[in-house]
Amino acid sequence: MDMLNEHFDLLDVALIRAIPLGGNQKDDSFGWHFTKTGLYTVKSGYHTARHDVVRTFAATGSGPEITPLLASVWRVRCPPNIQHFMWQVLSGCISVSANLGRRGIACDLRCVRCGTDMETINHAIFVCPPARQVWALAHVPVGPNFFPTESVYANVDHFLGQQNPGAHVAAFPWLMWFIWKARNACVFDNIIERPEDIVRVAEGEAAAWQQAQLEEDQVTYPIIPGASEIPVRVATASLPLVYSGYRCFIDGSWKAGDLYAGAGWCCTSVQTALPFLGAKNFRRSLSPLHTEVEAFVWAMRCMIGHDFREVAFYTDCSDLVKMVSSPSDWPAFSAMLYKGDRQANVSVLSTTLFHFGER
């Protein structure tokens, strides 16, 4: 420990001490630190190469900060394709006439629908008269100094956050999406869609999607005698009511500022009335995923200690399931998957691990 403090920074010492030591005699191999699996990808290499590059592009226009705004669109409750569309709107990746002209494509820069102003992203989605009519019919207060403004960032931010003026318009992602689809129908198919029809379709799609999410969220909480303080949130279709052997639910707890991480498991069977429980803490690992792996390995050792056979493990970490299914694809975790005694190693590679929950 003294040598670590002498030669490394204190933050690096904490990371070094969190590296698990494997019990196998395998030779060291190269790994890529910039992906969670340890395998190199072109995407991670490109991102790493550009990490220290000075950014020459700066978003123009008044309004909120663009970086937190880009992050907030991924938290909007709507389908992923619409989230991606909103991210493209804020990133300037939409192929409107103004963007095509900057890329050297010869085209009419005027808006196809109104024929007056240059077609920018903000104009196409918010400012163009047909788009402005859609927002007004959707009960969004429209005014010259209120909404929409000349900043696409301010217009999107108008709907984000509980305190923002347009927070009550839950269908705004669908309104943006179908305004853009109506623009494309006009450009490519010469079809003019009425603003009231756009609002009706967008609000209908929003209501249908939100209703579908409510139906998926209707879950049951299995009652475990003597362990009512540990509810397990699972979908009714995930766990069959009739089963043999044992079920072991595992989870890990990791916080960046804590010195220790935690792990716990709850094992049930049809032969016993009360569940078997286990919990422990240990030195904080490198990441939450490392903690999930340690919790899994420790739970398996506990099952071996209890001499339980036919154990099915359940976790809410989908990456852990992928790792156990294909350990060779996760070289960054090879030391953890193969550490400990030989009996536990065989169990790591042959056990059945299921995914449940929301993660």
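The values are calculated or read from the model by the stated rules, or taken from the named source; none is laboratory data. No experiment lies behind these values; they were computed from the predicted model shown. Heads up, the Cβs are rebuilt from the backbone with ideal geometry, glycines too, and the neighbour counts pull from every protein chain shown.
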Hits in the stretch 157-206 - residues which are touching a residue at least 24 places away in the same chain (Cβ under 8 Å), over 17 Å from residue 142 (Cα atoms) and aromatic (Phe, Trp, Tyr): 174, 177, 178, 180
Enumerate the pairs (first residue in the stretch 249-271 and closer than 19 Å to residue 301 by Cα; second residue anywhere and outside any strand (DSSP E or B) and among the polar types (S, T, N, Q)) with beta-carbon separation below 8 Å, excluding pairs fewer than 6 apart on the same chain, so at least 6 apart or on different chains. 252/291; 253/291; 261/285; 261/291; 262/291; 263/291
May I ask you to verify whether residue 169 is touching a strand residue (DSSP E or B) at 6+ places or on another chain (Cβ under 7 Å), part of a loop (DSSP other than H, G, I, E, B), in the same structural domain as residue 71 (by TED's automatic domain parsing) and within 24 Å of residue 209 (Cβ to Cβ)? no
Is at least one residue of the stretch 211-218 modelled with pLDDT of 80 or more, within 25 Å of the chain's Cα centre (by Cα) and not polar (S, T, N, Q)? yes
Neighbours by Cβ (under 7 Å, 6+ apart or cross-chain): first from the stretch 107-134, without any contact (Cβ under 8 Å) to a residue 12 or more places away in the chain and in the same structural domain as residue 189 (by TED's automatic domain parsing); second buried (at least 22 other Cβ atoms within 10 Å of the Cβ) and not in a loop (DSSP other than H, G, I, E, B): 117/123
When the stretch 302-328 is checked residue by residue, the ones that are among the charged types (D, E, K, R), exposed (fewer than 15 other Cβ atoms within 10 Å of the Cβ) and touching a residue at least 24 places away in the same chain (Cβ under 8 Å) are 309, 310
When the residues of the stretch 17-59 are filtered to those that are surrounded by fewer than 10 Cβ atoms within 10 Å (Cβ to Cβ) and among the β-branched types (Val, Ile, Thr), which remaining residue is modelled with the highest pLDDT? 42
Within the stretch 72-81, the residues that are surrounded by 15 or more Cβ atoms within 10 Å (Cβ to Cβ) and assigned to a helix (DSSP H, G or I) are 72, 73
